[in-house]
Amino acid sequence: METVAAGLEAAPQNMVPLPRAIFILGHASLKKGYVGKKRKILDADEDADFLKRQKQNPDNYRPEIVFQAVKLILDIPLNKNGRVGAIYVKTDEGLLCQIKPLVRIPRTRNRFCGIILELLEKKCVRATSEPDEKLFETLEGPVTRYLPPNFRIVGLSYNADKFVDVRDYVSAVADDVNLAFVMDTTVNGKVNKAETDDYISSKFDPKLRNVANYPLSAKYCMGMVCMAFEKKWKL
């Protein structure tokens with residue numbers, strides 16, 4: 001069953017074929033449940049007492065990490081210029097979802113979680129003004145089924161042995177190679193190396209200090225990668 005979400009609209013879309021960036025958010029903690037009589041996406045901040053009674057680790061219930069990362073991607077110049085090709089989210093329960101880059105993301109975490117709850121239950125969320133346009137949808141995995149030809153999956157993880165300046169890395173790749181960056185959305189921020197074609201760790205600016213000793217947030221990683229693409233494509 002599909003649903004049309006009230007107030008969700010599609011943003012204008014650039015129809016000119018251009019090289020685009022692809023983003024994959026892994027281990028997204030988007031678990032639905034009942035707190036009292038309320039059906040919702042469980043949240044470590046709002047549902048701390050409930051999760052404690054259920055003897056659950058609050059670190060496994062952090063939907064705001066996904067929300068912040070997706071919001072950043074959709075709000076930045078890279079996407080405003082039509083250069084984000086796709087956003088995929090894989091939950092920690094193995095469900096693959098797609099968020100279209102043309103969506104105007106809800107501005108609050110609670111509203112975002114409400115949309116995600118509808119998505120998990122009804123498999124698809126459409127815009128109110130363009131009901132033929134699926135803005136959120138669940139997909140049959142693996143994600144490689146949906147990537148364009150000549151793709152390269154790049155895992156950005158704090159524990160990788162290959163240290164790079166992300167700007168230099170992105171700039172060195174030809175535009176006919178479709179880069180798909182994978183970031184983890186757990187507190188630990190570790191990407192599964194086996195699911196990538198390249199496995200890298202970044203360096204801090206401006207001192208270029210390695211970040212191998214501790215994880216970075218998905219939002220921070222997304223920001224680094226997006227700025228690298230913006231610099232490469234002069235946006």
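Each value in this text was obtained by applying a stated rule to the coordinates, not by laboratory testing. Only a predicted model underlies this, so the values are computations on that prediction, with no experimental measurement involved. Neighbour counts are summed over all protein chains in view; Cβ atoms, including those assigned to glycine, are modelled from backbone coordinates with ideal geometry.
Can you tell me how much longer the chain between Lys37 and Asp59 gets when fully stretched, taken as 0.36 nm per residue apart minus their C-alpha distance, in nm with one decimal?
My answer for the length gained is 5.6 nm.
Which of the peptides 104-115, 174-185 is most tightly packed, and how do the rest follow, going by the mean number of other Cβ atoms within 10 Å of each residue?
The most tightly packed comes first, giving 174-185, 104-115.
Using the structure shown, select from Lys71/Lys232; Lys71/Lys162; Lys123/Lys231 the pairs with a Cα to Cα distance greater than 30 angstrom.
Over 30 Å Cα-Cα: Lys123/Lys231.
Would you kindly state how much longer the chain becomes between Leu235 and Tyr146 on full extension, computed as 0.36 nm times their sequence separation minus their alpha carbon distance, in nm to one decimal?
Taking Leu235 through Tyr146 to full extension adds about 29.4 nm, to one decimal.
Show me 149-158, 67-76 ranked by packing, highest mean number of other Cβ atoms within 10 Å first.
The densest-packed peptide leads the list: 67-76, 149-158.
Counting only the backbone N, which residues of segment 178-195 are under 16 Å from the spot 7 Å out from the Cα of Leu18 toward its beta-carbon?
179
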